[in-house]
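Q: Sharing a structure, written as structure tokens. Questions coming.
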Amino acid sequence: MKLCQYDEHQAGAVRGERVFPVGAALVAAGHLRPGYTMQEVIEALANRPQAMQCAREALDEKKSSPLGSVTLLAPIENPPSIWAAAANYKAHAAEMRAASGGPDRSRLGKDELMAEFFLKPSSSIIGPGGTILLPKISKDVDYEAELCAVIGTRARRVSEAQALEHVFGYTICWDISQRDPWGRGRQNTRNIRKGFDTFTALGPWIVTRDELPEPQDVRIEVELNGRPAMTAHTGDMICGLRDHIRFLSNVLTLRPGDLITTGTPAGVAKLAPGDKLRGRIERIGEMTLNVESEAL
């Protein structure tokens, strides 16, 4: 299932070029309250088989809207937390060392690397077709395109073998990053440099785990102004999603709706006003973003 949020914060499911109102069906069946949040939708679908069955049955109903007639929003706008992996592809770590003079992490073990996870604020979230605003204070902002996992069931002290059982699905995360003036050779500024408004783009929807059974076997592609800018494979991660869930769940409790974004491959580039980004991840979909300067 491709679970989306659209128009007036309605939950829908995308099949082909149609959007089906699964949120309304779940409310009518008593699985959700009116005025639900997408976190509540995810929790219901991940933890109550009857709710998921209701949602799937809604896909067989005649009531639907053309995909092109609705406005897709970020598939979740207020997740409990957004955990972001740092320098999780060797080629990207190398390009960042060359550009910013960061430390050499090649001798660090997996847990030492994952201890550099950072948090992004939910206030930075935008959706498909949204606009990244380049802060006036910065002369160097770039994009990062990442596979992002959405937690469905609570996870505490789980093993790598159990890790994916706690995943509800996957979406695309754009981790927009300010490199100047606070990024050169400094890593403890990530929460600020990556937390500006509009610096977390999510979408176009959440693909449930059954449609993407192996997160370490998908391609990531990005175009900047119509030209190929990034081509990568999630199998090249230093620490895979199973590592991430095992590590994080042994530190804290992962909750339904929590996001884990797994780091960008190499190929990041500086953004300028007027730029157009298009990104796609195999088995998930694609989304576009615009870039503008922050207004005075």
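Q: Taking the chain as a whole, which cysteines find no other cysteine Cβ under 4.7 angstrom from their Cβ?
A: That list is 4, 54, 239.
Q: Per DSSP H run of at least 4 residues, take -39500 (n - 2.57); add these up for the chain, divide by its residues and hand me the 222 nm value, nearest 500 deg cm²/dmol. The partial results should precede the final answer.
A: Working: 8 runs with 60 residues, N = 296.
So the calculated ellipticity at 222 nm is -5500 deg cm²/dmol.
Q: Using the Kirkwood formula over every pair of different C-alpha atoms, what hydrodynamic radius in Å results for the stretch 119-268?
A: Details: mean 1/r = 0.0618 Å⁻¹.
Its Kirkwood hydrodynamic radius stands at 16.2 Å.
Q: Here's a follow-up. Once phi is turned into θ = phi - 60°, what whole-Hz ³J(HN,Hα) does the Karplus curve with 6.51, -1.76 and 1.60 give for every residue of the stretch 32-42, x standing for Gly and Pro?
A: Ordered by residue, 3J(HN,Hα) equals 9, 8, x, x, 4, 9, 5, 4, 5, 4, 4 Hz.
Q: Give me the one-decimal nm value for the distance between modelled label points at residue 57 and residue 217, 7 Å along each residue's Cα-to-Cβ direction.
A: Here the modelled spin labels are 3.4 nm apart.
Q: Once amide H atoms are placed 1.01 Å from N in the peptide plane, what residues at a sequence separation of 5 or more from residue 138, or on another chain, have their amide H within under 5 Å of its amide H?
A: none
Q: Volume per residue, Å³, of the convex hull around the alpha-carbon atoms of the stretch 179-296? The partial results should precede the final answer.
A: Numbers: hull volume 17.3 nm³, N = 118.
In the stretch 179-296, the Cα convex hull volume per residue is 147 Å³.
Q: Only bridges with both residues in the chain count here: give the DSSP antiparallel percent, nearest 5.
A: Values: 55 of 64 bridges.
Counting only bridges with both partners in the chain, antiparallel ones make up about 85 percent.
Q: Using the count of nearby Cβ atoms within 10 Å as a rough guide to exposure, how do 253, 198, 264 rank from fewest to most? All intermediate terms of the calculation are to be shown ahead of the outcome.
A: Values: 253 12, 198 21, 264 30.
The order, fewest Cβ neighbours first, is 253, 198, 264.
Q: At a 10 Å Cβ-Cβ cut-off, how would you order 124, 159, fewest neighbours first?
A: Working: 124 17, 159 11.
Ascending Cβ contact count within 10 Å gives the list 159, 124.
Q: Then there's this: Of (i) 14.8; (ii) 25.8; (iii) 17.4, which is the value of mean projected area of the Cα convex hull in nm² derived from the coordinates here?
A: (i)
Q: Moving to a separate point now. List the pairs from 110/270; 2/63; 2/110; 136/194; 120/276 whose alpha-carbon separation is above 21 Å, in the order I gave them.
A: On the way: 110/270 29 Å; 2/63 17 Å; 2/110 32 Å; 136/194 15 Å; 120/276 23 Å.
Among 110/270; 2/63; 2/110; 136/194; 120/276, the Cα-Cα distance tops 21 Å for 110/270; 2/110; 120/276.
Just so you know, all these numbers are worked out from the coordinates, no wet-lab data involved. Values in this document were obtained by computation on a predicted structure and should not be read as measured data. As a convention, Cβ positions derive from the backbone with ideal geometry for all residues, glycine included, and neighbour counts pool all protein chains shown.
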